[in-house]
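The values are calculated or read from the model by the stated rules, or taken from the named source; none is laboratory data. It should be emphasised that the depicted structure is a prediction, and the values quoted were computed from it without experimental measurement. Positions of Cβ are backbone-derived with ideal geometry, glycine not excepted, and every protein chain shown enters the neighbour counts.
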C-alpha cells in the first residue's frame, strides 16, 4: 500500500515549497495539485474562455490534457504536451484557477488523475481538498496555514524578488477574496479534515516548517 501525505491549506501558506522540500528529504513523489488547476486555468485564458460562464468552462475543460512527469527529479506540468512550468505561476493564472476549480467537471477530471498518482506512488500531495476529498485515507493529513497578512507579505516578497511591481494591500485583498471563495464553494470547500494536524506557520521560518512536517511524516510512516 502506498504511503500518502495530504496537505491542505489556504493560498500563500507555503504548501508547495514545504511539500516539495519534504518530498525530496524523504524520497516521496510530490504532486502539486494547484499546478494542475493552474494549467487548466492557463488553457482557459489562452482560449479566451469567459471565466464567468461555468458552462463554457465545463465545455472546454475536456480539451485540456494535463499530465505530470518528472525530469531529473523535477516535476513538469504538461498542457497538451507542452511544458508550462514557466507560465502557471502568475497572479492572473492563480486567480483564474480559483475561479475554475469549483466547476464540477473540472474537479472530476483532476481528482481522477490525482487519485491514480497516489495509488501507485508514495507521495505528498498538496491542495485545498486533499485530506477531505481526494485522499481521505491518507496516513497523514496536515492543514498548513498562516495569517492573511503574513501570507500576503510572503507573496509580495516573492514577486518583488523576481522584479515584478506589485501592491501589498492588493495582494492581501486578493488572498482574502480567494480564501472566501475556496471556503464557501459548493463542491469540496477548503476546510481542515477532522483528523488533520494543524500547523500555523505565521511565526515559523521555512526551515522550521519543513523540519516539523518531516518529523510528522516520520512518525506516521513508522
Picking from 183, 204, which residue would you name as being more than 15 Å from residue 94 (Cβ to Cβ) and over 18 Å from the mean Cα position of the chain (by Cα)? 204
For the subset of segment 85-116 comprising residues that are in contact with a strand residue (DSSP E or B) (Cβ under 7 Å, 6 or more places away or on another chain) and at pLDDT 90 or above, which member is nearest to residue 151 (Cα to Cα)? 88
For residue 123, the lone unmet condition from (1) crowded, with 16+ Cβ neighbours inside 10 Å; (2) at pLDDT below 90 is (2)
Tell me which of these residue 164 doesn't satisfy, since it passes every other one: (1) part of a helix (DSSP H, G or I); (2) within 23 Å of residue 94 (Cβ to Cβ). (1)
With respect to residue 66, is the statement that it is buried (at least 20 other Cβ atoms within 10 Å of the Cβ), in contact with a strand residue (DSSP E or B) (Cβ under 7 Å, 6 or more places away or on another chain) and more than 22 Å from residue 156 (Cβ to Cβ) true? yes
Quickly run through segment 168-191 and pick out the residues that are outside any helix (DSSP H, G or I) and touching a helix residue (DSSP H, G or I) at 6+ places or on another chain (Cβ under 8 Å). 187, 188, 189, 190, 191
